[in-house]
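Here the structure is laid out as structure tokens; the discussion comes afterwards.
The values are calculated or read from the model by the stated rules, or taken from the named source; none is laboratory data. Note that this is a predicted model, so its numbers are computed, not measured. Cβ placement follows ideal geometry from the backbone for every residue including glycine, while neighbour counts extend to all protein chains displayed. The accessibility values were calculated without ligands, DNA or RNA, using every heavy atom of the protein model including side chains. Shrake-Rupley method; radii C 1.70, N 1.55, O 1.52, S 1.80 Å.
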Amino acid sequence: MSGIALERDGAVAIIRFNRPDKLNALTLAMYEELGAAFAEVRDDDSLAVAILTGSGDRAFCVGADLTESIPALSEGRFDISAWDAAHQKHTTLFKPVIAAINGLCLGGGFEIMLSTDIRISADTAEFGLPESGVGVVPAGGTLTRLTRQIPYVWAMELMLHGDRIPATQALRYGLLNDVVPAPQLLEAALDRAHRLVGKSGTALATIKEAVLRLGDLPQDQAFHSEARYGQKAFTSPDAREGLSAFAERRPPDFPSRHGTKPHSN
């Protein structure tokens, strides 16, 4: 059984951490498989959105397997940058990725969650970065991303103390978009995903790429780059169709979606 599973619901890819008996802890092979799954979503024109979730109801992902992945790093057998694709560092996947967090979200699982764009959590989920308690650090994107996504003091509390927090607190911190009853989690994520399938693929990709690329630029430079991204979108076939549809009071038929498969339900 593959440690990372990918299934399809129309134009939506559902990627699962698929090791429920080990709380979806990541083996070395799973890191590689997850990076490959993200690349498959990026390169497949029939897919518009991805949902990332865990198999079973106990865990989203509890991070790197302490019996394999962490020892491999600590013994210097390879550099942590080997996991960049799984952590979506330097990503070129500009399709939306939704995290559906169905249980424990700890360590590397938390870090991978931070690489997603929309996050929906079961009300039973728990979140934490326990690395400082075992002498390591959350270097799978968190040292860079967390203080950019939530207030500094909350980010530092999570990283320094390493305590777990419930979903309601993660929502208050700004880590999540929504918290839903656990049985409704995947349905809520799929609803979000299929709503996005109805939007312009060009617009969604341009928004995501621009946000990722412009955040570290000086403001004036960012404004110039933003104008180029805007011009690309405004002159696209999707924009022509969207504006025509608006004028004609009909649903748009975006050219960017012609390669996607309809929802199976």
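The DSSP beta bridges internal to the chain are antiparallel in roughly 25% of cases. Summary of packing: across the peptides 22-32, 202-212, the per-residue average of other C-beta atoms within 10 Å ranks them, highest first, as 22-32, 202-212.
Lysine pairs in the chain 8 or more apart or on different chains: how many have alpha carbons under 17 angstrom apart? Close lysine pairs under the 17 Å cut-off: 9. Near VAL49, the amide H atoms lying under 5 Å from its own belong to ALA13; only residues 5 or more places off or on other chains count, and H is placed 1.01 Å from N. Structural size metrics of the range 120-187, computed from C-alpha coordinates, are Rg and Dmax of 12.7, 38 Å.
The stretch between ASP79 and LEU66 holds 3.1 nm of extra length on full extension. This uses 0.36 nm per residue minus the Cα-Cα distance. Placing +1 on the Cβ of every Lys and Arg and -1 on the Cβ of every Asp and Glu, with nothing else charged, gives the chain a dipole about its Cα centre of roughly 680 debye. Rolling a 1.4 Å probe over the protein chains gives ASP57 an accessible area of about 120 Å².
PHE127 exposes around 0 Å² of accessible area when a 1.4 Å probe is run over every protein chain in place. Against the main long axis of the alpha-carbon atoms of the chain, helix 28-43 sits at an angle near 10°. Amide H contacts of LEU104 (H built 1.01 Å from N, in plane; Pro and chain starts excluded): ALA59, PHE60, GLU126 sit under 5 Å, all sequence-distant by 5 or more or on other chains. For the chain, what does -39500 (n - 2.57) per DSSP helix run (n ≥ 4), summed and divided by total residues, give at 222 nm, in deg cm²/dmol to the nearest 500? Per the formula, -12500 deg cm²/dmol. Averaged per residue, the chain has 50 square angstrom of accessible surface, using a 1.4 angstrom probe with ligands and nucleic acids left out.
For the chain, the longest principal axis of the alpha carbon atoms and the long axis of helix 237-248 meet at an angle near 60°. Working note: Cα atoms of the range 134-265, range along each principal axis, descending, whole Å: 58, 46, 23. Would you mind telling me the share, in percent, of accessible area of the chain contributed by carbon and sulfur at probe 1.4 angstrom? Here carbon and sulfur together make up 55 percent of the probe-accessible area.
If the chain linking LEU217 and ASP43 were pulled fully straight, counting 0.36 nm for each residue of separation and taking away their Cα-Cα distance, it would gain 59.9 nm.
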